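Asks: After the C-alpha coordinates below, expect a handful of questions from me.
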Amino acid sequence: MKVGIIMGSKSDLETMKKASAILDEFNIPYEMVIASAHRTPEAVKSFVERLEAEGAIAFIAGAGAAAHLPGVVASFTTVPVIGIPLNATALKGIDSLLAIVQMPSGMPVATMAVDGAKNAALFAVQIGATFNKELKEKYVVYRKDMADKVLADNAALQAELNK
(Lines give C-alpha, C1' and ligand atoms only; values in the text may rest on other atoms or scores of the structure.)
Protein backbone atom coordinates (compact mmCIF):
# COMPACT_ATOMS: atom_id res chain seq x y z
CA MET A 1 0.00 0.00 0.00
CA LYS A 2 1.42 3.35 -1.04
CA VAL A 3 0.15 6.86 -1.82
CA GLY A 4 1.57 9.21 -4.40
CA ILE A 5 1.69 12.92 -3.55
CA ILE A 6 2.32 15.26 -6.44
CA MET A 7 2.43 19.02 -6.75
CA GLY A 8 3.27 21.29 -9.65
CA SER A 9 5.59 23.67 -7.86
CA LYS A 10 7.89 24.00 -4.85
CA SER A 11 5.65 26.80 -3.57
CA ASP A 12 2.97 24.13 -2.93
CA LEU A 13 5.16 22.14 -0.56
CA GLU A 14 4.11 23.64 2.79
CA THR A 15 0.45 22.85 2.10
CA MET A 16 1.21 19.38 0.74
CA LYS A 17 3.29 18.50 3.83
CA LYS A 18 -0.01 18.40 5.74
CA ALA A 19 -0.93 15.34 3.66
CA SER A 20 2.38 13.62 4.29
CA ALA A 21 2.07 14.29 8.04
CA ILE A 22 -1.24 12.41 8.15
CA LEU A 23 0.17 9.53 6.11
CA ASP A 24 3.13 9.39 8.50
CA GLU A 25 0.72 9.27 11.45
CA PHE A 26 -0.98 6.23 9.92
CA ASN A 27 2.31 4.62 8.80
CA ILE A 28 1.26 4.66 5.16
CA PRO A 29 4.23 4.80 2.79
CA TYR A 30 4.19 7.57 0.20
CA GLU A 31 6.32 9.25 -2.38
CA MET A 32 6.15 12.99 -2.90
CA VAL A 33 7.31 14.75 -6.05
CA ILE A 34 7.21 18.09 -7.79
CA ALA A 35 6.15 17.60 -11.39
CA SER A 36 4.17 19.93 -13.62
CA ALA A 37 1.28 18.92 -15.85
CA HIS A 38 2.45 21.52 -18.35
CA ARG A 39 6.21 21.80 -17.94
CA THR A 40 7.10 18.16 -17.20
CA PRO A 41 4.19 15.98 -18.36
CA GLU A 42 6.45 12.98 -19.02
CA ALA A 43 7.70 13.12 -15.42
CA VAL A 44 4.08 13.15 -14.20
CA LYS A 45 3.24 10.16 -16.38
CA SER A 46 6.33 8.24 -15.30
CA PHE A 47 5.65 8.87 -11.59
CA VAL A 48 2.00 7.84 -11.85
CA GLU A 49 2.63 4.72 -13.91
CA ARG A 50 5.48 3.58 -11.66
CA LEU A 51 3.53 4.06 -8.43
CA GLU A 52 0.46 2.34 -9.83
CA ALA A 53 2.67 -0.63 -10.79
CA GLU A 54 4.05 -0.62 -7.22
CA GLY A 55 0.54 -0.86 -5.72
CA ALA A 56 -0.48 2.74 -5.08
CA ILE A 57 -3.96 2.99 -3.56
CA ALA A 58 -4.42 6.70 -4.31
CA PHE A 59 -2.78 9.81 -5.66
CA ILE A 60 -3.03 13.19 -3.96
CA ALA A 61 -2.49 15.99 -6.45
CA GLY A 62 -2.23 19.62 -5.40
CA ALA A 63 -2.60 22.32 -8.02
CA GLY A 64 -3.20 26.04 -8.20
CA ALA A 65 -4.53 28.42 -10.86
CA ALA A 66 -5.80 26.41 -13.85
CA ALA A 67 -5.18 23.29 -11.74
CA HIS A 68 -4.73 20.75 -14.51
CA LEU A 69 -2.46 18.42 -12.54
CA PRO A 70 -5.15 16.27 -10.82
CA GLY A 71 -6.91 15.67 -14.14
CA VAL A 72 -3.69 14.82 -15.90
CA VAL A 73 -2.81 12.37 -13.13
CA ALA A 74 -6.28 10.82 -13.49
CA SER A 75 -5.71 10.43 -17.22
CA PHE A 76 -2.71 8.19 -16.53
CA THR A 77 -4.28 5.86 -13.92
CA THR A 78 -7.39 4.02 -12.80
CA VAL A 79 -6.36 4.48 -9.14
CA PRO A 80 -8.39 7.11 -7.23
CA VAL A 81 -7.07 10.67 -7.54
CA ILE A 82 -7.72 13.24 -4.83
CA GLY A 83 -7.34 16.84 -5.96
CA ILE A 84 -6.36 19.67 -3.67
CA PRO A 85 -7.11 23.14 -5.03
CA LEU A 86 -4.30 25.40 -3.84
CA ASN A 87 -4.50 29.06 -2.92
CA ALA A 88 -1.94 30.22 -5.46
CA THR A 89 -3.47 33.26 -7.17
CA ALA A 90 -5.32 36.47 -6.44
CA LEU A 91 -8.52 34.40 -6.61
CA LYS A 92 -7.49 32.60 -3.36
CA GLY A 93 -7.88 29.09 -4.78
CA ILE A 94 -11.43 29.48 -6.08
CA ASP A 95 -10.10 29.19 -9.65
CA SER A 96 -8.35 25.93 -8.71
CA LEU A 97 -11.42 24.60 -6.93
CA LEU A 98 -13.62 25.21 -9.94
CA ALA A 99 -11.06 23.70 -12.31
CA ILE A 100 -10.63 20.49 -10.30
CA VAL A 101 -14.31 19.97 -9.52
CA GLN A 102 -15.17 20.29 -13.24
CA MET A 103 -13.33 17.20 -14.50
CA PRO A 104 -14.90 15.82 -17.66
CA SER A 105 -17.33 12.93 -17.47
CA GLY A 106 -15.52 9.63 -17.14
CA MET A 107 -12.39 11.16 -15.54
CA PRO A 108 -13.33 11.52 -11.85
CA VAL A 109 -11.17 13.36 -9.34
CA ALA A 110 -12.27 13.65 -5.72
CA THR A 111 -11.98 17.32 -4.81
CA MET A 112 -11.10 18.62 -1.37
CA ALA A 113 -11.44 22.14 0.01
CA VAL A 114 -8.93 24.82 -0.92
CA ASP A 115 -5.63 23.88 0.77
CA GLY A 116 -7.35 20.73 2.11
CA ALA A 117 -4.27 18.49 2.14
CA LYS A 118 -5.06 17.01 5.55
CA ASN A 119 -8.50 15.82 4.41
CA ALA A 120 -7.02 14.51 1.17
CA ALA A 121 -4.70 12.27 3.17
CA LEU A 122 -7.53 11.19 5.46
CA PHE A 123 -9.55 10.28 2.37
CA ALA A 124 -6.60 8.17 1.19
CA VAL A 125 -6.58 6.53 4.64
CA GLN A 126 -10.28 5.73 4.22
CA ILE A 127 -9.58 4.17 0.81
CA GLY A 128 -6.91 1.95 2.33
CA ALA A 129 -9.10 1.14 5.33
CA THR A 130 -11.70 -0.45 3.06
CA PHE A 131 -9.40 -3.44 2.57
CA ASN A 132 -6.96 -3.24 5.48
CA LYS A 133 -8.43 -4.13 8.89
CA GLU A 134 -5.49 -2.78 10.90
CA LEU A 135 -5.67 0.57 9.12
CA LYS A 136 -9.44 0.70 9.66
CA GLU A 137 -8.95 0.13 13.38
CA LYS A 138 -6.38 2.96 13.53
CA TYR A 139 -8.77 5.26 11.68
CA VAL A 140 -11.64 4.42 14.05
CA VAL A 141 -9.38 5.35 17.00
CA TYR A 142 -8.34 8.58 15.21
CA ARG A 143 -12.00 9.57 14.77
CA LYS A 144 -12.81 8.68 18.40
CA ASP A 145 -9.88 10.78 19.62
CA MET A 146 -11.19 13.75 17.60
CA ALA A 147 -14.64 13.35 19.15
CA ASP A 148 -13.18 13.01 22.64
CA LYS A 149 -11.23 16.24 22.17
CA VAL A 150 -14.39 18.13 21.19
CA LEU A 151 -16.22 16.75 24.22
CA ALA A 152 -13.31 17.68 26.51
CA ASP A 153 -13.18 21.19 25.03
CA ASN A 154 -16.90 21.58 25.64
CA ALA A 155 -16.60 20.33 29.22
CA ALA A 156 -13.85 22.89 29.86
CA LEU A 157 -15.99 25.64 28.32
CA GLN A 158 -19.02 24.67 30.42
CA ALA A 159 -16.90 24.62 33.59
CA GLU A 160 -15.58 28.09 32.78
CA LEU A 161 -19.05 29.45 32.04
CA ASN A 162 -20.48 28.01 35.27
CA LYS A 163 -17.88 29.63 37.54
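Asks: Can you name every residue in segment 8-43 that is in contact with a strand residue (DSSP E or B) (Cβ under 8 Å, 6 or more places away or on another chain) and among the basic types (K, R)?
Replies: Listed by number, the list holds a single entry, K10.
Asks: Which of (1) open to solvent by 70 Å² or more (accessible area, probe 1.4 Å); (2) in a loop (DSSP other than H, G, I, E, B) is the odd one out, the single condition K17 does not satisfy?
Replies: (2)
Asks: Here is a list of conditions, (1) assigned to a strand (DSSP E or B); (2) over 11 Å from K2 (Cα atoms); (3) in contact with a Ser or Thr (Cβ under 9 Å, 6 or more places away or on another chain); (4) hydrophobic (A, V, I, L, M, F, W, C), and A43 meets all of them except one; can you say which number that is?
Replies: Exception for A43: condition (1).
Asks: For segment 117-153, which positions are out of contact with any Phe, Trp or Tyr (no Cβ under 9 Å at 6 or more places or on another chain) and closer than 29 Å to A66 by Cα?
Replies: A117, K118, N119, A120, F123, I127, listed by residue number.
Asks: Which residues, counting only those in segment 3-14, are surrounded by fewer than 19 Cβ atoms within 10 Å (Cβ to Cβ) and not in a helix (DSSP H, G or I)?
Replies: Passing the criteria: only S9.
Asks: What are the residue pairs meeting all of these: first residue in segment 24-43, first residue open to solvent by 90 Å² or more (accessible area, probe 1.4 Å), second residue at pLDDT 95 or above, Cβ atoms under 6 Å, and 6 or more apart or on different chains?
Replies: These pairs meet every condition: I34/M7; I34/K10.
Asks: Restricting the search to segment 86-131, which residues are more than 10 Å from the chain's Cα centre (by Cα) and among the acidic types (D, E)?
Replies: D95
The values are calculated or read from the model by the stated rules, or taken from the named source; none is laboratory data. Quick caveat: nothing in here was measured; it's all calculated off a predicted structure. Backbone-built Cβ (ideal geometry, glycine too); neighbour counts: all protein chains shown. The area values use the complete protein model at the heavy-atom level, side chains included, leaving out ligands, DNA and RNA. Shrake-Rupley method; radii C 1.70, N 1.55, O 1.52, S 1.80 Å.
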